[in-house]
Amino acid sequence: NLHTAYRRQRQMCIRDRYRAATWGTTKIADEDFIRPLFRGIFRRSPIDDDLNDPHFTFFMKYWRVLVSSLIVILATGLAIGATVANFVLRYELAKKWEGKDEIIWAAVITSIINIFLIYIKDLLVRPVFKWLTRFENHKTESEFEFSYIMKFYSYRFFNLFGPMSVSYTHLRAHE
């Protein structure tokens, strides 16, 4: 019967999708390979009956991602705090030199400090974010790269555009 054959094939397809989702292999493309640094337990794969299928438990993976995310949020908060401290310094210098010709130096000095702070903070977080991404133990190289890029550029957004937004807010307040 054609209807019975179609129904049986549909159930097998649903069962295969369920197994793939359970084992976390739904996002692996044909060109994606398992990272050599991936650490997990070896179990039999229900999809292709491979005995050497490394698997990392759901709890451990998302616990590590959570810890890594908290450290990235902490680093971003420190970057924002350094930016705010730099603008407090600018305000204090401008208040100290108010009515004098040296008031222009408050903006120049704090801008130079801000440039060096942005550069130093970027240099310091690169190895930390690389280590955090290795700590998360991603299965494929594309997952590893995506995680590193998301960490670094979300941090970099606040590190680079934070000073500009604070400057803009400061200028709009004094118009």
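Bear in mind that the values in this text are calculations on the coordinates, not laboratory data. Because the structure is a prediction, the values reported are computed rather than measured. In this analysis, Cβ positions are derived from the backbone assuming ideal geometry, glycine residues included, and neighbour counts consider all displayed protein chains.
Brief remarks on what is shown
- Inter-probe distance in nm under a simple model that places probes 7 Å from Cα toward Cβ, at F158 and L123: 2.3 nm
- Our coupling estimate for the stretch 70-77, obtained by passing each phi through the Karplus curve with A = 6.51, B = -1.76, C = 1.60 and θ = phi - 60°, is 5, 5, 5, 5, 5, 5, 5, x Hz, Gly and Pro reported as x.
- Histogrammed with a bin width of 5 Å, the alpha carbon distances of the stretch 103-146 distribute as 5, 18, 16, 13, 11, 10, 9, 7, 6, 3, 1, 0 percent, first bin at zero.
- Gained length - F58 relative to L89, 0.36 nm times residue gap less alpha-carbon distance: 6.5 nm
- Residues in the stretch 126-135 carry Karplus couplings, in order, of 4, x, 5, 5, 5, 5, 4, 5, 5, 4 Hz; the curve used is 6.51 cos²θ - 1.76 cosθ + 1.60 with θ = phi - 60°, and Gly or Pro positions show x.
- Shown in residue order for the stretch 106-114 are the 3J(HN,Hα) couplings computed by the Karplus curve 6.51 cos²θ - 1.76 cosθ + 1.60 at θ = phi - 60°: 4, 5, 5, 4, 5, 5, 5, 4, 5 Hz (x for Gly and Pro).
- Nonlocal amide H pairs with R43, under 5 Å, H built at 1.01 Å: D53, H55
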